[in-house]
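The block underneath contains the structure these notes are about, expressed in structure tokens.
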Amino acid sequence: MLRLKNPTYLEISLLVLAVILLLVWILPNTIALRNTCLIGGGIISLILMMFYYKPFQIKHFLPLLVLLGLPVWLYVHYRFFPVDIKLQWYDLSGTWLRVTMGILIAFSLGKILVKKPSLGMWIYVPYIMIILITIILYSETALQNHQFVVRFFTGLFKTKIAGAYFMVFTCLMSYGLLLILTKTQSGRSKWLSILRLSCIILICLSFAICLLIQSLIGIVFCALMGFVCVVLIIFKNNHSKFLSLTLFSCLLALFLMFIQYDAKYEGKLANLKNDILISLDIEKNKTWSRSNDVADMPDPIDQNGRTVNRSTYDRTSWFIKGTELLIEHPLGTGFSWSAFSHYMTIEYPGTLAVKTHSAWLDFALGVGIPGLLLVWTAIFLTLKKAFSKLQSHSSDNNAWIVIFVIIGISLFWLVGEVSEREFIEHFFFIIALSASYLGHLQNSSSEIKSKQ
């Protein structure tokens, strides 16, 4: 096989494009730059695969093949079970073409990270940049308005939920890295101490951004996964109790700050359980189906005469309705976005309900149960590889980052409305990168064993 003499420049170029890609996925109105990075990265990845990288065993990369099965399924849906041909083709030639290019980039990037794991730190750079810029923007806005609390602030993020998604992702990566650093044997190393402190600072800043944009979902997820991280650190490393206590104290302080804010301005958290119970009965009150003509339909009230929180009511009611629609249409619409809106418009013309606010449910309504099972299978296979890697007692503990990120984001998709194009592309890229990294590790181990 023909090989390039020095692929290092190509690998560096691919890494740079991947870092830019991670940044532009966060920012709105960057589709042209996103496409440029994907096309450029895809071409470089193909060159590396064809002319440099050794042949690999397919069995080590099954999650990537399963992910690639999703656009194949959607093409089958387009040809044999059409619902809206124009939208289906638009989705296939747009979102799913970009997803395919992202998987291609992830395959070669995983190989690069196996060769030099320290390069993985560059993945944190876009998120650190966004955090710093968001803090600056918030400070400027607060000073201009002469108030500490700025309502409806989103900074550079497209929406509040977008900010929550990417900050939770940053937290999850940092939790995984922190767990790795606490398991490192040379625990008294000065640089390790600096890295651990940096992780805690990044976690607190990510949590703080969720506070600034007033995202309850982001705050809860950062806190819950943080407590999981603390428990694992204490359980696995008795010498890291001080670090665990520091992280726990920081998270608890930030969480208490939010509870005080919610009690003063929102009241959402205090009445959450009661509001959900009322919202479950979608037949008793039809406000969730509101349209432009009757947008002022009254929200339900509780036994004390208090109006149920609008966000909690809509999320719960739309989830129930979305579940009913999925049972009625198990194959989905064939396009991965606006599926709930498609079905709701047919049943309630002019409705304002466009998402169930559960990404998994919105996604399933689009790609159908077969498509959903393909993604879940890829996630399961990736996590299986990660846990197997930990059980092998290998010196490479990066599987902890994979486990935190994949499980955390999968759970976030249950309650976050993040099924739009950029979130799908980002999540699939992360799954593919995780699977690729673990697959290349397995492939390298197999090559070593075969030579012995």
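Compare Glu425, Glu328, Glu417 by solvent-accessible area with a 1.4 Å probe and give them largest first, with all protein chains kept in place.
On the way: Glu425 5, Glu328 115, Glu417 30 Å².
Sorted by accessible area, descending: Glu328, Glu417, Glu425.
Taken as Cα centroids, the stretch 108-124 and the stretch 324-349 sit 40 Å apart, rounded to the nearest whole angstrom.
Here the relative contact order of the chain, from alpha carbon pairs under 8 Å that lie six or more residues apart, stands at 22 percent. Atom-type composition of the exposed protein surface of the stretch 178-234 places 74 percent of the accessible area on carbon and sulfur (1.4 angstrom probe).
Here the convex hull built on the C-alpha positions of the chain has a volume of 172 cubic angstrom per residue. Percent of Cα-Cα pairs per 5 Å bin, from 0 to the last occupied bin, for the stretch 159-215, please list those. Result returned by the calculation: 4, 21, 25, 18, 13, 9, 6, 3, 0.
Listed here are the pairs Lys86/Lys286; Lys158/Lys273; Lys284/Lys321; Lys355/Lys384; which of them are more than 20 Å apart at the Cα? If you can, show how the numbers build up before the last one.
Details: Lys86/Lys286 32 Å; Lys158/Lys273 29 Å; Lys284/Lys321 13 Å; Lys355/Lys384 31 Å.
In this structure, Lys86/Lys286; Lys158/Lys273; Lys355/Lys384 exceed 20 Å between Cα atoms.
Classify the stretch 89-135 as rounded, prolate or oblate from the Cα gyration tensor: take a ≥ b ≥ c as the square roots of its eigenvalues, call it rounded if a/c is under 1.5, otherwise prolate when a/b beats b/c and oblate if not. In terms of gyration-tensor shape, oblate.
Mean sequence separation of contacting Cα pairs (under 8 Å, at least six apart), scaled by the length of the stretch 174-225, corresponds to a relative contact order of 35 percent. Helices of the chain meeting both criteria, an alpha-carbon length of 20 angstrom or more along the long axis and an average Kyte-Doolittle score not below 1.0, with helices taken as full DSSP H segments, are 8-26, 31-51, 62-80, 95-115, 125-145, 160-183, 190-212, 216-236, 241-261, 359-391, 399-415.
Computed over the stretch 5-90, the Cα gyration tensor eigenvalues convert (square root of 5λ each) into semi-axes of 29, 21, 10 Å, ordered from largest to smallest.
Give the accessible surface of the chain per residue, rounded to a whole number of Å², with probe radius 1.4 Å and ligands, DNA and RNA excluded.
Working: 21190 Å² over 452 residues.
For the chain, the solvent-accessible area averages 47 Å² per residue.
For the stretch 289-412, the convex hull spanned by the alpha carbon atoms encloses 139 Å³ per residue. Helix content alone sets the calculated 222 nm mean residue ellipticity of the chain: runs of n ≥ 4 DSSP H residues at -39500 (n - 2.57) each, divided across all residues, give -24000 deg cm²/dmol.
Taking only C-alpha pairs under 8 Å that are 6+ residues apart, what is the relative contact order of the stretch 321-438 in percent? Can you show the working numbers first?
Working: 141 pairs, mean separation 34.0, N = 118.
Contact order relative to length: 29 percent.
When peptides 172-181, 339-348, 402-411, 57-66 are sorted by average Cβ neighbour count within 10 Å, with the highest value leading, the order is 172-181, 402-411, 339-348, 57-66.
The values are calculated or read from the model by the stated rules, or taken from the named source; none is laboratory data. Computed from a prediction, not measured in an experiment: that's the story for all the values here. Quick reminder, even Gly has a Cβ in these numbers, built from the backbone with ideal geometry, and neighbours come from all protein chains shown. To get the accessible areas, we keep the full protein, side chains included, count just its heavy atoms, and leave off ligands, DNA and RNA. Shrake-Rupley method; radii C 1.70, N 1.55, O 1.52, S 1.80 Å.
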